[in-house]
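Structure first, then comments.
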Number of protein chains: 2
Amino acid sequence: MREEVTAFVPGHITGFFSAHPDDDPTKAGSRGAGLTLTDGVEVTVTPADEPQIVLDGEPAAIEPVETVLETLEAPARVEAETSVPIGAGFGVSGAAALGTALATNLVYDRKLSYNELVTIAHGADVQAGTGLGDVVAQASGGIPIRLEPGAPGHNLLDGIPARARVEYVSFGQLSTADIITGDTDQLSAAGKEALSLVVKEPTLLSFMYASRRFAREAELLTADVKKAIQDVAAVDGQASMAMLGNTVFALGTGLSDAGYEPSICATHPAGAMLK
Amino acid sequence: MREEVTAFVPGHITGFFSAHPDDDPTKAGSRGAGLTLTDGVEVTVTPADEPQIVLDGEPAAIEPVETVLETLEAPARVEAETSVPIGAGFGVSGAAALGTALATNLVYDRKLSYNELVTIAHGADVQAGTGLGDVVAQASGGIPIRLEPGAPGHNLLDGIPARARVEYVSFGQLSTADIITGDTDQLSAAGKEALSLVVKEPTLLSFMYASRRFAREAELLTADVKKAIQDVAAVDGQASMAMLGNTVFALGTGLSDAGYEPSICATHPAGAMLK
(Lines give C-alpha, C1' and ligand atoms only; values in the text may rest on other atoms or scores of the structure.)
Protein backbone atom coordinates (compact mmCIF):
# COMPACT_ATOMS: atom_id res chain seq x y z
CA MET A 1 0.00 0.00 0.00
CA ARG A 2 1.36 3.42 -0.93
CA GLU A 3 1.19 6.25 1.59
CA GLU A 4 -0.21 8.99 -0.62
CA VAL A 5 -1.10 9.46 -4.28
CA THR A 6 -2.26 12.68 -5.98
CA ALA A 7 -4.16 13.00 -9.27
CA PHE A 8 -5.12 16.11 -11.24
CA VAL A 9 -8.37 16.12 -13.19
CA PRO A 10 -9.15 18.99 -15.57
CA GLY A 11 -12.33 20.98 -15.15
CA HIS A 12 -14.83 20.48 -17.99
CA ILE A 13 -17.17 23.07 -19.46
CA THR A 14 -19.91 21.51 -21.58
CA GLY A 15 -21.01 23.76 -24.44
CA PHE A 16 -24.04 21.67 -25.43
CA PHE A 17 -25.39 18.19 -24.81
CA SER A 18 -28.26 15.77 -25.18
CA ALA A 19 -29.20 13.50 -22.28
CA HIS A 20 -29.23 9.71 -22.74
CA PRO A 21 -30.63 8.03 -19.63
CA ASP A 22 -30.30 4.26 -19.20
CA ASP A 23 -30.94 1.91 -16.29
CA ASP A 24 -27.34 0.74 -16.66
CA PRO A 25 -25.17 3.65 -15.47
CA THR A 26 -22.29 2.50 -17.69
CA LYS A 27 -24.55 3.01 -20.74
CA ALA A 28 -26.24 6.19 -19.52
CA GLY A 29 -24.61 9.48 -20.38
CA SER A 30 -24.73 12.28 -22.88
CA ARG A 31 -23.68 13.33 -26.35
CA GLY A 32 -22.16 16.77 -26.72
CA ALA A 33 -18.93 18.74 -26.72
CA GLY A 34 -16.92 20.82 -24.30
CA LEU A 35 -13.59 22.21 -23.20
CA THR A 36 -11.35 20.55 -20.63
CA LEU A 37 -9.43 23.14 -18.63
CA THR A 38 -6.03 23.65 -17.02
CA ASP A 39 -8.07 24.74 -13.98
CA GLY A 40 -9.53 21.69 -12.26
CA VAL A 41 -9.44 19.47 -9.20
CA GLU A 42 -6.42 17.99 -7.46
CA VAL A 43 -7.24 14.91 -5.40
CA THR A 44 -4.94 13.38 -2.81
CA VAL A 45 -5.75 9.97 -1.37
CA THR A 46 -4.23 8.50 1.80
CA PRO A 47 -5.12 5.26 3.60
CA ALA A 48 -7.54 5.67 6.51
CA ASP A 49 -9.73 3.58 8.82
CA GLU A 50 -12.95 5.00 7.43
CA PRO A 51 -13.86 7.15 4.42
CA GLN A 52 -13.29 10.88 4.89
CA ILE A 53 -13.79 13.56 2.25
CA VAL A 54 -12.35 17.06 2.52
CA LEU A 55 -13.06 19.70 -0.14
CA ASP A 56 -10.97 22.88 -0.08
CA GLY A 57 -10.08 22.23 3.54
CA GLU A 58 -13.60 21.54 4.82
CA PRO A 59 -15.28 18.16 5.49
CA ALA A 60 -17.68 17.52 2.62
CA ALA A 61 -20.19 14.96 1.37
CA ILE A 62 -19.57 14.27 -2.33
CA GLU A 63 -21.84 11.36 -3.26
CA PRO A 64 -19.91 10.15 -6.35
CA VAL A 65 -16.66 10.13 -4.35
CA GLU A 66 -18.33 8.06 -1.63
CA THR A 67 -19.57 5.62 -4.27
CA VAL A 68 -16.10 5.27 -5.80
CA LEU A 69 -14.56 4.50 -2.39
CA GLU A 70 -17.28 1.91 -1.71
CA THR A 71 -16.77 0.28 -5.10
CA LEU A 72 -13.01 0.06 -4.56
CA GLU A 73 -13.59 -1.15 -0.96
CA ALA A 74 -11.19 1.53 0.20
CA PRO A 75 -11.85 3.46 3.44
CA ALA A 76 -9.55 6.24 2.26
CA ARG A 77 -9.12 9.88 3.19
CA VAL A 78 -9.76 12.03 0.09
CA GLU A 79 -8.59 15.64 0.00
CA ALA A 80 -9.79 17.60 -3.01
CA GLU A 81 -8.63 21.11 -3.87
CA THR A 82 -10.49 22.83 -6.68
CA SER A 83 -9.36 25.80 -8.77
CA VAL A 84 -12.79 26.00 -10.46
CA PRO A 85 -16.03 27.08 -8.76
CA ILE A 86 -18.32 24.40 -7.30
CA GLY A 87 -21.84 23.87 -8.66
CA ALA A 88 -21.17 26.22 -11.55
CA GLY A 89 -20.82 23.89 -14.55
CA PHE A 90 -17.19 22.73 -14.33
CA GLY A 91 -17.77 19.07 -13.48
CA VAL A 92 -16.20 19.25 -10.01
CA SER A 93 -18.14 16.18 -8.82
CA GLY A 94 -16.96 14.12 -11.79
CA ALA A 95 -13.40 15.37 -11.40
CA ALA A 96 -13.37 14.49 -7.71
CA ALA A 97 -14.76 11.02 -8.47
CA LEU A 98 -12.26 10.34 -11.26
CA GLY A 99 -9.29 11.64 -9.29
CA THR A 100 -10.37 9.50 -6.33
CA ALA A 101 -10.61 6.41 -8.55
CA LEU A 102 -7.15 6.91 -10.10
CA ALA A 103 -5.37 7.68 -6.84
CA THR A 104 -7.16 5.07 -4.70
CA ASN A 105 -6.35 2.35 -7.25
CA LEU A 106 -2.64 2.93 -6.58
CA VAL A 107 -2.87 3.53 -2.83
CA TYR A 108 -4.87 0.33 -2.29
CA ASP A 109 -3.13 -1.61 -5.08
CA ARG A 110 -6.44 -2.51 -6.78
CA LYS A 111 -4.80 -3.22 -10.17
CA LEU A 112 -7.67 -1.88 -12.27
CA SER A 113 -7.17 -0.49 -15.78
CA TYR A 114 -7.68 3.11 -16.86
CA ASN A 115 -11.01 2.30 -18.53
CA GLU A 116 -12.24 0.38 -15.50
CA LEU A 117 -11.51 3.36 -13.23
CA VAL A 118 -13.17 5.79 -15.66
CA THR A 119 -16.20 3.48 -15.79
CA ILE A 120 -16.49 3.41 -11.99
CA ALA A 121 -16.25 7.21 -11.74
CA HIS A 122 -18.67 7.77 -14.64
CA GLY A 123 -21.23 5.40 -13.15
CA ALA A 124 -20.93 7.09 -9.74
CA ASP A 125 -21.42 10.57 -11.26
CA VAL A 126 -24.45 9.41 -13.29
CA GLN A 127 -26.06 7.63 -10.34
CA ALA A 128 -25.66 10.68 -8.12
CA GLY A 129 -27.28 12.85 -10.81
CA THR A 130 -24.29 15.19 -10.71
CA GLY A 131 -23.04 14.66 -14.27
CA LEU A 132 -23.72 12.77 -17.48
CA GLY A 133 -20.58 13.21 -19.54
CA ASP A 134 -17.99 15.13 -17.54
CA VAL A 135 -16.02 12.08 -16.42
CA VAL A 136 -15.39 10.61 -19.88
CA ALA A 137 -14.47 14.07 -21.18
CA GLN A 138 -12.13 14.68 -18.23
CA ALA A 139 -10.51 11.29 -18.82
CA SER A 140 -9.84 12.22 -22.42
CA GLY A 141 -8.66 15.84 -22.18
CA GLY A 142 -8.44 18.36 -25.01
CA ILE A 143 -11.71 19.50 -26.54
CA PRO A 144 -13.72 16.26 -26.54
CA ILE A 145 -16.72 15.58 -28.74
CA ARG A 146 -18.93 12.90 -27.19
CA LEU A 147 -20.39 11.13 -30.23
CA GLU A 148 -21.91 8.23 -28.29
CA PRO A 149 -22.87 8.26 -24.59
CA GLY A 150 -21.68 6.08 -21.75
CA ALA A 151 -18.52 4.74 -20.19
CA PRO A 152 -15.50 3.44 -22.18
CA GLY A 153 -16.44 0.41 -24.27
CA HIS A 154 -19.90 1.91 -24.88
CA ASN A 155 -19.03 5.46 -25.81
CA LEU A 156 -17.31 6.98 -28.83
CA LEU A 157 -15.22 10.12 -28.51
CA ASP A 158 -13.67 12.42 -31.07
CA GLY A 159 -12.12 15.85 -30.53
CA ILE A 160 -11.57 19.31 -31.94
CA PRO A 161 -7.83 19.44 -32.72
CA ALA A 162 -7.08 22.88 -31.26
CA ARG A 163 -5.93 24.70 -28.15
CA ALA A 164 -7.26 27.94 -26.73
CA ARG A 165 -6.97 30.42 -23.92
CA VAL A 166 -10.23 30.33 -21.96
CA GLU A 167 -11.78 32.98 -19.72
CA TYR A 168 -14.77 32.48 -17.43
CA VAL A 169 -16.96 34.29 -14.89
CA SER A 170 -19.39 32.52 -12.55
CA PHE A 171 -22.49 34.28 -11.27
CA GLY A 172 -23.49 31.57 -8.74
CA GLN A 173 -24.85 28.04 -8.57
CA LEU A 174 -27.36 26.10 -10.67
CA SER A 175 -28.37 22.55 -9.79
CA THR A 176 -27.44 20.03 -12.48
CA ALA A 177 -29.67 17.40 -10.88
CA ASP A 178 -32.84 19.55 -11.19
CA ILE A 179 -32.33 19.99 -14.92
CA ILE A 180 -31.01 16.61 -16.02
CA THR A 181 -33.71 14.73 -14.12
CA GLY A 182 -36.52 16.99 -15.44
CA ASP A 183 -38.05 17.08 -18.93
CA THR A 184 -35.13 17.06 -21.33
CA ASP A 185 -36.87 16.67 -24.73
CA GLN A 186 -36.40 20.23 -25.94
CA LEU A 187 -32.88 20.31 -24.56
CA SER A 188 -31.91 17.06 -26.24
CA ALA A 189 -33.35 18.10 -29.61
CA ALA A 190 -31.27 21.28 -29.47
CA GLY A 191 -28.24 19.25 -28.34
CA LYS A 192 -28.45 16.87 -31.29
CA GLU A 193 -28.64 19.76 -33.73
CA ALA A 194 -25.62 21.43 -32.13
CA LEU A 195 -23.66 18.17 -32.30
CA SER A 196 -24.34 17.75 -36.00
CA LEU A 197 -22.97 21.26 -36.62
CA VAL A 198 -19.73 20.49 -34.79
CA VAL A 199 -19.32 17.07 -36.41
CA LYS A 200 -19.64 18.75 -39.81
CA GLU A 201 -17.02 21.35 -38.87
CA PRO A 202 -14.93 20.41 -35.82
CA THR A 203 -13.41 23.84 -35.15
CA LEU A 204 -13.44 26.15 -32.11
CA LEU A 205 -15.55 28.73 -33.92
CA SER A 206 -18.23 26.24 -34.87
CA PHE A 207 -18.18 24.86 -31.29
CA MET A 208 -18.86 28.34 -29.90
CA TYR A 209 -21.58 29.01 -32.47
CA ALA A 210 -23.28 25.67 -31.76
CA SER A 211 -23.00 26.24 -28.00
CA ARG A 212 -24.65 29.67 -28.14
CA ARG A 213 -27.43 28.36 -30.34
CA PHE A 214 -27.99 25.44 -27.95
CA ALA A 215 -28.16 27.70 -24.88
CA ARG A 216 -30.80 29.85 -26.62
CA GLU A 217 -32.89 27.01 -28.02
CA ALA A 218 -32.83 24.92 -24.84
CA GLU A 219 -33.94 28.07 -22.96
CA LEU A 220 -31.26 27.66 -20.33
CA LEU A 221 -29.71 31.16 -20.41
CA THR A 222 -29.73 33.04 -17.13
CA ALA A 223 -30.03 36.84 -17.26
CA ASP A 224 -26.41 37.37 -16.14
CA VAL A 225 -25.01 34.93 -18.67
CA LYS A 226 -27.16 36.33 -21.49
CA LYS A 227 -25.90 39.85 -20.83
CA ALA A 228 -22.27 38.71 -20.68
CA ILE A 229 -22.57 36.84 -23.99
CA GLN A 230 -24.00 40.00 -25.58
CA ASP A 231 -21.24 42.13 -24.05
CA VAL A 232 -18.57 39.81 -25.46
CA ALA A 233 -20.27 39.75 -28.88
CA ALA A 234 -20.26 43.56 -28.85
CA VAL A 235 -16.44 43.51 -28.81
CA ASP A 236 -16.36 40.79 -31.53
CA GLY A 237 -15.61 37.98 -29.05
CA GLN A 238 -16.97 34.47 -28.68
CA ALA A 239 -18.74 33.50 -25.45
CA SER A 240 -21.34 31.00 -24.32
CA MET A 241 -22.78 29.38 -21.18
CA ALA A 242 -21.25 26.50 -19.23
CA MET A 243 -23.79 23.65 -19.15
CA LEU A 244 -25.07 23.46 -16.51
CA GLY A 245 -23.94 26.42 -14.46
CA ASN A 246 -24.59 30.11 -14.04
CA THR A 247 -21.26 30.65 -15.77
CA VAL A 248 -20.16 32.39 -18.96
CA PHE A 249 -16.98 31.33 -20.75
CA ALA A 250 -15.13 32.92 -23.67
CA LEU A 251 -12.24 32.11 -25.95
CA GLY A 252 -9.12 34.26 -25.97
CA THR A 253 -9.63 37.61 -24.27
CA GLY A 254 -13.37 37.89 -24.92
CA LEU A 255 -14.48 38.63 -21.37
CA SER A 256 -11.50 40.87 -20.53
CA ASP A 257 -12.13 42.88 -23.69
CA ALA A 258 -15.75 43.33 -22.62
CA GLY A 259 -14.67 44.79 -19.26
CA TYR A 260 -15.16 41.74 -17.03
CA GLU A 261 -12.54 40.42 -14.60
CA PRO A 262 -12.56 36.75 -15.55
CA SER A 263 -10.61 33.76 -14.30
CA ILE A 264 -8.07 32.84 -16.97
CA CYS A 265 -6.95 29.36 -17.98
CA ALA A 266 -6.54 27.30 -21.16
CA THR A 267 -7.72 24.06 -22.67
CA HIS A 268 -5.92 21.10 -21.06
CA PRO A 269 -4.07 18.92 -23.55
CA ALA A 270 -4.26 15.79 -21.38
CA GLY A 271 -6.94 13.88 -19.57
CA ALA A 272 -6.84 13.12 -15.86
CA MET A 273 -3.33 12.35 -14.71
CA LEU A 274 -1.43 10.99 -11.75
CA LYS A 275 1.16 13.32 -10.28
CA MET B 1 -4.22 30.20 -43.54
CA ARG B 2 -2.00 30.38 -40.47
CA GLU B 3 1.69 31.12 -40.89
CA GLU B 4 3.12 28.40 -38.67
CA VAL B 5 1.80 25.70 -36.34
CA THR B 6 3.86 23.38 -34.11
CA ALA B 7 2.77 20.05 -32.64
CA PHE B 8 4.55 17.78 -30.16
CA VAL B 9 4.09 14.03 -30.45
CA PRO B 10 5.45 11.74 -27.72
CA GLY B 11 7.85 8.97 -28.61
CA HIS B 12 6.38 5.48 -28.15
CA ILE B 13 8.17 2.36 -27.00
CA THR B 14 6.22 -0.82 -27.70
CA GLY B 15 6.84 -3.54 -25.12
CA PHE B 16 5.04 -6.31 -27.03
CA PHE B 17 2.62 -6.61 -29.92
CA SER B 18 0.82 -8.89 -32.33
CA ALA B 19 0.51 -7.87 -35.99
CA HIS B 20 -2.93 -7.59 -37.62
CA PRO B 21 -2.57 -6.95 -41.34
CA ASP B 22 -5.59 -5.90 -43.38
CA ASP B 23 -6.01 -4.60 -46.93
CA ASP B 24 -7.75 -1.57 -45.45
CA PRO B 25 -5.02 0.47 -43.69
CA THR B 26 -7.57 1.94 -41.28
CA LYS B 27 -8.33 -1.60 -40.06
CA ALA B 28 -4.74 -2.89 -40.13
CA GLY B 29 -2.64 -2.43 -37.03
CA SER B 30 -1.51 -4.20 -33.92
CA ARG B 31 -2.55 -5.23 -30.45
CA GLY B 32 -0.06 -4.66 -27.65
CA ALA B 33 1.10 -2.19 -25.02
CA GLY B 34 3.79 0.42 -24.64
CA LEU B 35 5.01 3.61 -23.01
CA THR B 36 4.54 7.08 -24.51
CA LEU B 37 7.44 9.33 -23.61
CA THR B 38 8.16 12.97 -22.76
CA ASP B 39 10.95 12.61 -25.36
CA GLY B 40 9.45 12.70 -28.84
CA VAL B 41 9.13 14.67 -32.06
CA GLU B 42 8.28 18.33 -32.48
CA VAL B 43 6.82 19.13 -35.89
CA THR B 44 6.48 22.63 -37.32
CA VAL B 45 4.45 23.17 -40.47
CA THR B 46 4.56 26.29 -42.64
CA PRO B 47 2.87 26.94 -46.00
CA ALA B 48 5.06 26.30 -49.03
CA ASP B 49 4.79 25.93 -52.81
CA GLU B 50 5.82 22.31 -52.76
CA PRO B 51 6.25 19.66 -50.04
CA GLN B 52 9.57 19.82 -48.18
CA ILE B 53 10.58 17.68 -45.23
CA VAL B 54 13.44 18.52 -42.89
CA LEU B 55 14.44 16.16 -40.08
CA ASP B 56 16.84 17.50 -37.44
CA GLY B 57 17.99 20.21 -39.83
CA GLU B 58 18.62 17.96 -42.87
CA PRO B 59 16.36 17.39 -45.89
CA ALA B 60 14.72 13.97 -45.44
CA ALA B 61 12.31 11.60 -47.14
CA ILE B 62 9.76 10.33 -44.61
CA GLU B 63 7.18 8.38 -46.59
CA PRO B 64 4.29 8.60 -44.09
CA VAL B 65 4.77 12.38 -43.84
CA GLU B 66 4.65 12.67 -47.64
CA THR B 67 1.44 10.62 -47.66
CA VAL B 68 -0.17 12.84 -45.01
CA LEU B 69 0.66 15.99 -47.01
CA GLU B 70 -0.77 14.41 -50.18
CA THR B 71 -3.94 13.36 -48.38
CA LEU B 72 -4.44 16.85 -46.97
CA GLU B 73 -3.57 18.37 -50.38
CA ALA B 74 -1.08 20.60 -48.62
CA PRO B 75 2.31 21.43 -50.22
CA ALA B 76 3.70 22.35 -46.81
CA ARG B 77 7.20 22.64 -45.39
CA VAL B 78 7.55 20.22 -42.47
CA GLU B 79 10.39 20.62 -39.97
CA ALA B 80 10.71 17.79 -37.49
CA GLU B 81 13.07 17.81 -34.50
CA THR B 82 13.40 14.56 -32.62
CA SER B 83 14.70 14.01 -29.10
CA VAL B 84 14.55 10.21 -29.56
CA PRO B 85 16.82 8.18 -31.84
CA ILE B 86 15.64 7.37 -35.36
CA GLY B 87 15.05 3.77 -36.47
CA ALA B 88 15.47 2.52 -32.93
CA GLY B 89 11.93 1.62 -31.84
CA PHE B 90 10.51 5.00 -30.76
CA GLY B 91 7.91 5.48 -33.48
CA VAL B 92 9.58 8.54 -35.03
CA SER B 93 7.88 7.97 -38.39
CA GLY B 94 4.44 7.75 -36.79
CA ALA B 95 5.14 10.79 -34.62
CA ALA B 96 6.27 12.82 -37.62
CA ALA B 97 3.15 11.76 -39.56
CA LEU B 98 0.76 12.56 -36.70
CA GLY B 99 2.41 15.90 -35.91
CA THR B 100 2.25 16.80 -39.59
CA ALA B 101 -1.45 15.93 -39.75
CA LEU B 102 -2.35 18.00 -36.66
CA ALA B 103 -0.32 21.06 -37.63
CA THR B 104 -1.18 21.01 -41.36
CA ASN B 105 -4.90 20.79 -40.55
CA LEU B 106 -4.66 24.19 -38.86
CA VAL B 107 -2.21 25.83 -41.27
CA TYR B 108 -4.34 24.88 -44.28
CA ASP B 109 -7.68 25.22 -42.44
CA ARG B 110 -8.76 21.68 -43.39
CA LYS B 111 -11.36 21.44 -40.57
CA LEU B 112 -10.82 17.75 -39.88
CA SER B 113 -11.51 16.17 -36.49
CA TYR B 114 -8.90 14.67 -34.17
CA ASN B 115 -9.94 11.11 -35.08
CA GLU B 116 -9.82 11.89 -38.80
CA LEU B 117 -6.28 13.24 -38.49
CA VAL B 118 -5.18 10.23 -36.41
CA THR B 119 -6.73 7.93 -39.03
CA ILE B 120 -4.82 9.63 -41.86
CA ALA B 121 -1.51 9.40 -39.98
CA HIS B 122 -2.12 5.79 -38.89
CA GLY B 123 -2.97 4.72 -42.44
CA ALA B 124 0.13 6.46 -43.80
CA ASP B 125 2.39 4.75 -41.22
CA VAL B 126 0.86 1.33 -41.92
CA GLN B 127 1.08 1.73 -45.71
CA ALA B 128 4.74 2.74 -45.49
CA GLY B 129 5.47 -0.32 -43.33
CA THR B 130 7.05 1.93 -40.70
CA GLY B 131 4.61 1.24 -37.86
CA LEU B 132 1.47 -0.69 -36.92
CA GLY B 133 0.31 0.87 -33.69
CA ASP B 134 2.55 3.81 -32.79
CA VAL B 135 0.22 6.50 -34.12
CA VAL B 136 -2.87 5.50 -32.14
CA ALA B 137 -0.72 5.09 -29.01
CA GLN B 138 0.91 8.50 -29.57
CA ALA B 139 -2.53 10.07 -30.08
CA SER B 140 -3.66 8.66 -26.73
CA GLY B 141 -0.65 9.25 -24.46
CA GLY B 142 0.00 7.64 -21.10
CA ILE B 143 0.71 3.90 -21.12
CA PRO B 144 -1.72 2.67 -23.78
CA ILE B 145 -2.93 -0.89 -24.11
CA ARG B 146 -4.07 -1.58 -27.68
CA LEU B 147 -6.89 -4.10 -27.20
CA GLU B 148 -8.12 -3.97 -30.80
CA PRO B 149 -6.09 -2.93 -33.85
CA GLY B 150 -6.68 -0.13 -36.33
CA ALA B 151 -7.52 3.53 -36.50
CA PRO B 152 -10.10 5.28 -34.24
CA GLY B 153 -13.57 3.86 -34.78
CA HIS B 154 -12.06 0.40 -35.37
CA ASN B 155 -9.65 0.14 -32.47
CA LEU B 156 -10.17 -0.17 -28.73
CA LEU B 157 -7.69 1.31 -26.29
CA ASP B 158 -7.28 0.97 -22.56
CA GLY B 159 -4.35 2.07 -20.40
CA ILE B 160 -2.21 1.32 -17.38
CA PRO B 161 -3.07 4.07 -14.88
CA ALA B 162 0.47 4.92 -13.76
CA ARG B 163 3.41 7.22 -14.40
CA ALA B 164 7.08 6.34 -14.43
CA ARG B 165 10.56 7.65 -14.98
CA VAL B 166 11.99 5.90 -18.05
CA GLU B 167 15.62 5.32 -19.04
CA TYR B 168 16.82 4.04 -22.40
CA VAL B 169 19.97 3.20 -24.36
CA SER B 170 20.04 2.58 -28.11
CA PHE B 171 22.66 0.36 -29.70
CA GLY B 172 21.80 1.20 -33.33
CA GLN B 173 19.12 0.64 -35.94
CA LEU B 174 16.79 -2.27 -36.73
CA SER B 175 14.39 -2.16 -39.68
CA THR B 176 10.75 -2.38 -38.60
CA ALA B 177 9.70 -3.05 -42.18
CA ASP B 178 11.86 -6.21 -42.46
CA ILE B 179 10.23 -7.77 -39.42
CA ILE B 180 6.62 -6.72 -39.69
CA THR B 181 6.39 -7.72 -43.34
CA GLY B 182 8.08 -11.12 -42.71
CA ASP B 183 6.62 -14.21 -41.01
CA THR B 184 4.95 -12.95 -37.86
CA ASP B 185 3.17 -16.08 -36.57
CA GLN B 186 5.52 -16.84 -33.67
CA LEU B 187 5.72 -13.16 -32.81
CA SER B 188 1.97 -12.72 -32.82
CA ALA B 189 1.35 -15.81 -30.65
CA ALA B 190 3.80 -14.44 -28.08
CA GLY B 191 2.19 -11.00 -28.36
CA LYS B 192 -1.30 -12.32 -27.63
CA GLU B 193 -0.04 -14.16 -24.56
CA ALA B 194 1.71 -11.01 -23.29
CA LEU B 195 -1.45 -8.95 -23.83
CA SER B 196 -3.58 -11.35 -21.80
CA LEU B 197 -1.13 -11.03 -18.90
CA VAL B 198 -1.37 -7.23 -18.94
CA VAL B 199 -5.16 -7.21 -19.34
CA LYS B 200 -5.40 -9.46 -16.29
CA GLU B 201 -3.13 -7.14 -14.28
CA PRO B 202 -2.72 -3.67 -15.81
CA THR B 203 0.30 -2.56 -13.77
CA LEU B 204 3.79 -1.38 -14.73
CA LEU B 205 5.40 -4.46 -13.22
CA SER B 206 3.23 -6.86 -15.19
CA PHE B 207 3.87 -4.79 -18.35
CA MET B 208 7.64 -5.17 -17.89
CA TYR B 209 7.33 -8.89 -17.15
CA ALA B 210 5.12 -9.47 -20.20
CA SER B 211 7.45 -7.41 -22.39
CA ARG B 212 10.55 -9.40 -21.39
CA ARG B 213 8.75 -12.67 -21.93
CA PHE B 214 7.58 -11.50 -25.36
CA ALA B 215 11.07 -10.42 -26.43
CA ARG B 216 12.42 -13.84 -25.47
CA GLU B 217 9.63 -15.92 -27.00
CA ALA B 218 9.46 -13.95 -30.24
CA GLU B 219 13.26 -14.40 -30.51
CA LEU B 220 13.84 -10.73 -31.20
CA LEU B 221 16.51 -9.98 -28.57
CA THR B 222 19.78 -8.59 -29.90
CA ALA B 223 22.97 -9.47 -28.03
CA ASP B 224 23.44 -5.92 -26.70
CA VAL B 225 19.87 -5.65 -25.47
CA LYS B 226 19.97 -9.11 -23.89
CA LYS B 227 23.09 -8.23 -21.92
CA ALA B 228 21.63 -4.90 -20.77
CA ILE B 229 18.42 -6.56 -19.56
CA GLN B 230 20.51 -9.05 -17.58
CA ASP B 231 22.67 -6.24 -16.15
CA VAL B 232 19.56 -4.35 -14.99
CA ALA B 233 18.04 -7.52 -13.51
CA ALA B 234 21.30 -8.08 -11.58
CA VAL B 235 20.68 -4.80 -9.71
CA ASP B 236 16.98 -5.71 -9.15
CA GLY B 237 15.74 -3.42 -11.93
CA GLN B 238 13.15 -3.87 -14.68
CA ALA B 239 14.25 -3.58 -18.32
CA SER B 240 13.09 -4.82 -21.70
CA MET B 241 13.54 -4.21 -25.43
CA ALA B 242 11.84 -1.49 -27.48
CA MET B 243 9.86 -3.19 -30.27
CA LEU B 244 11.24 -2.91 -32.87
CA GLY B 245 14.61 -1.35 -32.21
CA ASN B 246 18.06 -2.21 -30.96
CA THR B 247 17.11 -0.35 -27.78
CA VAL B 248 16.80 -1.31 -24.12
CA PHE B 249 14.49 0.64 -21.78
CA ALA B 250 14.09 0.48 -18.03
CA LEU B 251 11.79 1.89 -15.39
CA GLY B 252 13.13 4.21 -12.68
CA THR B 253 16.90 4.15 -12.42
CA GLY B 254 17.40 0.60 -13.71
CA LEU B 255 20.00 1.36 -16.39
CA SER B 256 21.86 3.98 -14.32
CA ASP B 257 22.07 1.55 -11.41
CA ALA B 258 23.55 -1.04 -13.77
CA GLY B 259 26.31 1.35 -14.81
CA TYR B 260 24.93 2.54 -18.16
CA GLU B 261 24.64 6.19 -19.19
CA PRO B 262 21.06 6.24 -20.42
CA SER B 263 18.84 8.98 -21.82
CA ILE B 264 16.31 9.89 -19.15
CA CYS B 265 12.68 10.86 -19.64
CA ALA B 266 9.26 9.88 -18.28
CA THR B 267 5.92 8.58 -19.47
CA HIS B 268 3.96 11.36 -21.18
CA PRO B 269 0.55 11.98 -19.62
CA ALA B 270 -0.98 13.39 -22.82
CA GLY B 271 -1.26 12.33 -26.40
CA ALA B 272 -0.04 14.41 -29.35
CA MET B 273 -0.66 18.08 -28.75
CA LEU B 274 -0.63 21.40 -30.53
CA LYS B 275 1.68 23.97 -29.04
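The values are calculated or read from the model by the stated rules, or taken from the named source; none is laboratory data. Note that this is a predicted model, so its numbers are computed, not measured. Please note: Cβ atoms are built from the backbone with ideal geometry, for glycine as well, and neighbour counts cover all protein chains shown. We work out accessible area using only protein heavy atoms, side chains counted, and drop any ligands, DNA or RNA first. Shrake-Rupley method; radii C 1.70, N 1.55, O 1.52, S 1.80 Å.
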> When the stretch A:133-153 is examined, which residues are found to be closer than 17 Å to residue A:195 by Cβ, away from chain B (no Cβ under 11 Å) and part of a loop (DSSP other than H, G, I, E, B)?
Replying inline: A:133, A:149, A:150
> In the stretch B:134-152, which residues are in contact with an Asp or Glu (Cβ under 9 Å, 6 or more places away or on another chain) and in contact (Cβ under 8 Å) with a residue 60 or more places away in the chain?
Replying inline: B:134, B:144, B:145, B:146, B:147, B:149, B:150
>> Of all residues being under 18 Å from the mean Cα position of the chain (by Cα), among the hydrophobic types (A, V, I, L, M, F, W, C) and closer than 20 Å to residue A:123 by Cα in the stretch A:17-60, which is modelled with the lowest pLDDT? Just the residue, please.
In response: A:19
>> Being among the small types (Gly, Ala, Ser) and either closer than 24 Å to residue B:274 by Cα or open to solvent by 40 Å² or more (accessible area, probe 1.4 Å) (or both) is the filter here; which residues of the stretch A:250-275 pass it?
In response: A:250, A:252, A:254, A:256, A:259, A:263, A:266, A:270, A:271, A:272
>> Can you pull out every residue in the stretch A:82-120 that is outside any helix (DSSP H, G or I), within 14 Å of another protein chain (Cβ to nearest Cβ) and open to solvent by less than 10 Å² (accessible area, probe 1.4 Å)?
In response: A:113
> Which residue, of B:66, B:79, B:50, B:73, is without any contact (Cβ under 8 Å) to a residue 60 or more places away in the chain, surrounded by fewer than 24 Cβ atoms within 10 Å (Cβ to Cβ), away from every other protein chain (no Cβ under 11 Å) and in contact with a Gly (Cβ under 9 Å, 6 or more places away or on another chain)?
Replying inline: B:79
>> Can you report the number of residues in the stretch A:154-178 which are free of Cβ contacts under 8 Å to residues at least 12 places away in the same chain and either within 16 Å of residue A:121 (Cα to Cα) or within 10 Å of chain B (Cβ to nearest Cβ) (or both)?
In response: 1
> Which of (1) within 17 Å of residue A:33 (Cα to Cα); (2) out of contact with any Leu (no Cβ under 8 Å at 6 or more places or on another chain) is the odd one out, the single condition residue A:225 does not satisfy?
Replying inline: (1)
> Taking the stretch A:121-161 as the region of interest, how many residues are out of contact with any Pro (no Cβ under 6 Å at 6 or more places or on another chain), hydrophobic (A, V, I, L, M, F, W, C) and crowded, with 24+ Cβ neighbours inside 10 Å?
Replying inline: 8
>> Taking the criterion of being open to solvent by 10 Å² or more (accessible area, probe 1.4 Å), in contact with a Ser or Thr (Cβ under 9 Å, 6 or more places away or on another chain), in a strand (DSSP E or B) and farther than 20 Å from residue B:126 by Cα, would at least one residue in the stretch B:2-16 satisfy it?
In response: yes
> Going by the conditions given, is residue A:44 of a type in the set (Ser, Thr, Tyr) and part of a strand (DSSP E or B)?
Replying inline: yes
>> Looking only at the stretch A:199-224, filter to residues that are within 14 Å of another protein chain (Cβ to nearest Cβ) and more than 17 Å from residue A:249 (Cα to Cα); which one of those is most open to solvent (accessible area, probe 1.4 Å)?
In response: A:200
>> Name the residue that is nearest to residue B:184 (Cα to Cα), counting only residues in the stretch B:231-249 that are in contact with a strand residue (DSSP E or B) (Cβ under 9 Å, 6 or more places away or on another chain), open to solvent by 10 Å² or more (accessible area, probe 1.4 Å) and not aliphatic (A, V, I, L, M).
In response: B:246
> If we scan the stretch A:26-33, do we find a residue that is part of a strand (DSSP E or B), of a type in the set (A, V, I, L, M) and surrounded by 15 or more Cβ atoms within 10 Å (Cβ to Cβ)?
Replying inline: yes
>> Residue pairs, Cβ under 6 Å, 6 or more apart or interchain, first in the stretch B:223-239 and within 19 Å of residue B:174 (Cα to Cα), second of a type in the set (Val, Ile, Thr) and open to solvent by less than 40 Å² (accessible area, probe 1.4 Å). List them.
In response: B:225/B:248; B:228/B:248; B:239/B:229; B:239/B:232; B:239/B:248
> If you check residue B:162 against the conditions, is it at pLDDT below 95 and either under 22 Å from residue B:92 (Cα atoms) or not in a strand (DSSP E or B) (or both)?
Replying inline: no
